[in-house]
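Notes for the one structure printed next.
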Amino acid sequence: MTKPYLAQRVATLKPSGIRKFFDIVATMKDVISLGIGEPDFATPDSITQAGIASLQRGETHYTSNSGLLELRQTLAAHLERHHGVSYDPVSEIVITVGVSEALYLAMTAILNPGEEVLIPTPCFVAYQPEVILAGGTPVEIPSRMEDNFQPNLEALRGAVTPRTKAILIGYPNNPTGAVASRDTLLEVLKIAEEHDLVVISDEIYDRLVYGPAHVSFAALPGARERTITLGGFSKDYAMTGWRIGYAAAPAEILQGLLRIHQFTIMSAPTTAQSAALVALQIGESYVEEMRAEYDRRRKLIVGGLNRLGLPTFEPLGAFYAFPKISLADMDDESFAQLLLEEERVAVVPGSAFGAGGEGFVRCSYATAYEKIEEALHRIERFMHRHG
Ligand SMILES: Cc1ncc(COP(=O)(O)O)c(C=O)c1O
């Protein structure tokens with residue numbers, strides 16, 4: 001028998017439930033996609049022009065491993081202004097290839113083999129695989145709609161073992177749209193302090209909120225020293241394809257992330273760094289414009305789904321609605337499959353986002369208002385047929 005060439009942790013990794021679904025969508029015509037997890041807006045033109053200008057100035061070389069100093073300085077000022085948390089741009093920030101890389105760095109830097117990471121779910125599809133790839137064990141803590149998809153604190157506390165190393169949270173949340181309240185985050189911090197855990201806080205949707213302001217975990221009293229903050233440009237500034245994000249943490253932790261970044265990536269794309277700098281410098285009005293449009297669509301889709309008998313929690317952040325499937329004999333996978341086949345509307349089964357997502361589907365409203373209106377008409381027909 002030939003030796004298995006792939007490492008066991010890679011060979012046993014399940015492919016993303018989202019990808020599987022999109023492979024089918026790609027073969028179909030006239031589909032309205034509520035499945036996409038990225039802004040439908042193009043990057044604001046002034047930001048794009050900054051990338052082009054950087055190339056034209058001949059900035060086609062590596063930057064410092066940590067990223068352009070001016071970008072880190074501007075980012076530090078931005079985080080201080082918006083979230084009240086201060087990081088030293090020289091030793092406490094690394095510019096990464098999106099939050100995707102930042103997650104990889106954080107997990108690889110902190111985990112010893114077999115250490116556990118507690119993850120409130122449903123969550124972004126990469127969280128569990130990133131823990132596994134770093135040699136750790138993800139432990140899912142399902143959240144409930146009845147609790148407004150806040151982390152289940154009792155279950156979180158009950159899941160701590162001597163092997164627990166960290167808690168990984170992502171609010172505003174993909175896929176539920178939940179924003180964690182300050183009180184809930186303080187309770188999460190208490191658990192982390194009681195058991196001396198690291199907290200990794202993915203705040204990629206920090207500026208896309210529609211109610212109370214986002215609370216950055218590291219800004220809570222006493223939290224900063226144990227927190228790795230992950231953030232980016234993909235969602236707030238509609239820059240997914242530029243592949244740019246960051247991690248910020250106390251120097252001792254950050255230098256660990258930087259060591260891995262140095263040997264795997266070298267430096268984030270130079271063009272994207274120049275564009276990100278301009279995004280921070282002049283992007284505020286664009287963020288506000290896009291946020292206002294998402295909010296308009298949010299009201300349309302949440303109201304519409306609830307009217308159609310699909311109970312939907314009010315999302316206060318990101319750009320997702322997460323209705324509960326109320327049809328007998330239909331789970332989230334079959335609902336998504338049939339809705340796609342019969343009405344050509346793509347949504348993502350909630351179970352793709354881990355335990356706690358079963359029985360729900362994710363509908364992205366990063367899609368034009370008129371398309372959401374048409375999707376709601378089609379879902380209405382579907383519900384009449386099956387209700
Ligand atoms: C919660 C969350 N974190 C991270 C990412 C990855 O973002 P990036 O484009 O910065 O790698 C996404 C993308 O969908 C996300 O939803």
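The values are calculated or read from the model by the stated rules, or taken from the named source; none is laboratory data. Just so it is clear, the structure is predicted and the values come from calculations on it, not from any experiment. Neighbour counts are summed over all protein chains in view; Cβ atoms, including those assigned to glycine, are modelled from backbone coordinates with ideal geometry.
Can you name the residue in the range 140-161 that is in contact with a Leu (Cβ under 8 Å, 6 or more places away or on another chain) and crowded, with 19+ Cβ neighbours inside 10 Å and is also farthest from Phe313 (Cα to Cα) among such residues? Before you say what the answer is, go through the steps one by one.
In the first step, residues of the range 140-161 are kept if they are in contact with a Leu (Cβ under 8 Å, 6 or more places away or on another chain); the result is 141, 156, 159-160.
The next check asks that each one be crowded, with 19+ Cβ neighbours inside 10 Å; those that pass are 141, 156.
Numbers: Ile141: 19, Leu156: 22 Å.
Checked the range 140-161; the qualifying residue farthest from Phe313 (Cα to Cα) is Leu156.
If I ask for residues that are aromatic (Phe, Trp, Tyr) and under 22 Å from Ala219 (Cα atoms), which ones from the range 245-265 would you list? Even if it seems obvious, please write down each step before you answer.
Initially, the range 245-265 is screened for residues aromatic (Phe, Trp, Tyr), giving 246, 263.
Passing the criteria: only Tyr246.
Against the conditions (1) closer than 15 Å to Ala318 by Cβ; (2) within 15 Å of the ligand (Cβ to nearest atom); (3) of a type outside the set (D, E, K, R), where does Ala213 fall short? Just the number, please.
With respect to (1) closer than 15 Å to Ala318 by Cβ; (2) within 15 Å of the ligand (Cβ to nearest atom); (3) of a type outside the set (D, E, K, R), Ala213 is out only on (2).
Give the residue that is nearest to Tyr246 (Cα to Cα), with candidates limited to residues of the range 96-116 that are within 15 Å of the ligand (Cβ to nearest atom) and either in contact with a helix residue (DSSP H, G or I) (Cβ under 6 Å, 6 or more places away or on another chain) or of a type in the set (Phe, Trp, Tyr) (or both). Don't jump to the end; show me each part of the working.
At the first step, the residues of the range 96-116 found to be within 15 Å of the ligand (Cβ to nearest atom) are 96-107.
This time we only want the ones that are either in contact with a helix residue (DSSP H, G or I) (Cβ under 6 Å, 6 or more places away or on another chain) or of a type in the set (Phe, Trp, Tyr) (or both), so: 96, 103-105, 107.
Values: Thr96: 5, Leu103: 10, Tyr104: 12, Leu105: 10, Met107: 14 Å.
In this case the residue turns out to be Thr96.
Need the failing condition index for Arg57 against (1) buried (at least 23 other Cβ atoms within 10 Å of the Cβ); (2) free of Cβ contacts under 8 Å to residues at least 24 places away in the same chain, just the number.
Going through (1) buried (at least 23 other Cβ atoms within 10 Å of the Cβ); (2) free of Cβ contacts under 8 Å to residues at least 24 places away in the same chain one by one, Arg57 breaks only (1).
Testing Thr229 on (1) within 22 Å of Glu80 (Cα to Cα); (2) in a helix (DSSP H, G or I); (3) within 16 Å of the ligand (Cβ to nearest atom), one condition comes back false. Which one is that?
For Thr229, the exception is condition (2).
Specify which of the listed residues (Ile204, Ile191) is within 11 Å of the ligand (Cβ to nearest atom) and either in the same structural domain as Tyr104 (by TED's automatic domain parsing) or more than 21 Å from Ala251 (Cα to Cα) (or both).
Values: Ile191 fails: within 11 Å of the ligand (Cβ to nearest atom).
When all the criteria are applied, what remains is Ile204.
Could you please find all residues in the range 235-259 being within 16 Å of the ligand (Cβ to nearest atom) and either outside any strand (DSSP E or B) or outside the structural domain of Tyr62 (by TED's automatic domain parsing) (or both)? Even if it seems obvious, please write down each step before you answer.
We begin by selecting, within the range 235-259, every residue within 16 Å of the ligand (Cβ to nearest atom); these are 235-248, 257.
Once the filter is applied, which keeps residues that are within 16 Å of the ligand (Cβ to nearest atom) and either outside any strand (DSSP E or B) or outside the structural domain of Tyr62 (by TED's automatic domain parsing) (or both), the range 235-259 yields Lys235, Asp236, Tyr237, Ala238, Met239, Thr240, Gly241, Trp242, Arg243, Ile244, Leu257.
Quick grid of which residues meet (1) in contact (Cβ under 8 Å) with a residue 40 or more places away in the chain; (2) part of a helix (DSSP H, G or I):
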| residue | (1), (2) |
| --- | --- |
| Gln273 | yes, yes |
| Ser285 | no, yes |
| Arg291 | yes, yes |
| Leu300 | yes, yes |
| Gly304 | yes, yes |
| Ala328 | no, no |
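Need the failing condition index for Ile141 against (1) over 27 Å from Pro323 (Cβ atoms); (2) away from the ligand (no atom under 16 Å from the Cβ), just the number.
(1)
Determine, yes or no, whether Ala178 is touching a residue at least 24 places away in the same chain (Cβ under 8 Å) and either outside the structural domain of Gln49 (by TED's automatic domain parsing) or over 20 Å from Thr121 (Cβ atoms) (or both).
Working: touching a residue at least 24 places away in the same chain (Cβ under 8 Å): yes; either outside the structural domain of Gln49 (by TED's automatic domain parsing) or over 20 Å from Thr121 (Cβ atoms) (or both): no.
So Ala178 fails the test.
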